[in-house]
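The values are calculated or read from the model by the stated rules, or taken from the named source; none is laboratory data. Because the structure is predicted, anything quoted here is derived from the model rather than measured. Here Cβ is always computed from backbone atoms with ideal geometry, including for glycine, and neighbour counts include all displayed protein chains.
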Amino acid sequence: MDHILLGCVFSREVWALALRDWRLANFFQVVEENTMVWWSAARKRLPKELRRGFDSFFLLLGWLLWKQRNARTFNQDALCAPLLVKRLREESDLWVAAGNKHLAKLQLWRAPPESSPPSVSPVLLF
């Protein structure tokens, strides 16, 4: 399990992209080691108010990596790392919409989506 979540080349690439996307790359270095040891040490590098959000982020990304591994192994269905990070964005939005307030705090750090147009203040026309 440690290899799938933190050690394999694909998972390290996904982690690197996801941490950069969520503006957390300066806090962590992903290395293959015991998952629980890494998670415990990684969350302590964040301010206390973001730790529970990081816990949700970690669990969600771990779940997506596990599902992707199963899809590759059993269905010959593979996503590239950027698409898995996009799926992480989508799933985290669903978790926040379902009421995960801790993940919502962490999402405030997330970079805006690249594909969306720049935000413009609405103008009322009469």
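A few notes on this one:
- Checked against (1) assigned to a helix (DSSP H, G or I); (2) more than 9 Å from the chain's Cα centre (by Cα); (3) closer than 20 Å to Met1 by Cα, Ala78 passes all but a single condition, namely (1).
- For the stretch 40-56, the set of residues classified as in contact with a helix residue (DSSP H, G or I) (Cβ under 6 Å, 6 or more places away or on another chain) and either closer than 12 Å to Asn100 by Cβ or in a helix (DSSP H, G or I) (or both) consists of Arg43, Leu50, Arg51, Arg52, Gly53, Phe54, Ser56, listed by residue number.
- Residue match in the stretch 104-123 (condition: in a helix (DSSP H, G or I), under 23 Å from Met1 (Cα atoms) and modelled with pLDDT of 95 or more): no
- Some residue of the stretch 4-27 being under 19 Å from Gln107 (Cβ atoms) and over 13 Å from the mean Cα position of the chain (by Cα): yes
- Matching residues in the stretch 71-97 - criterion: being touching a residue at least 24 places away in the same chain (Cβ under 8 Å) and under 17 Å from Leu17 (Cα atoms): Ala81, Pro82, Leu84, Val85, Leu88, Arg89, Glu91, Ser92
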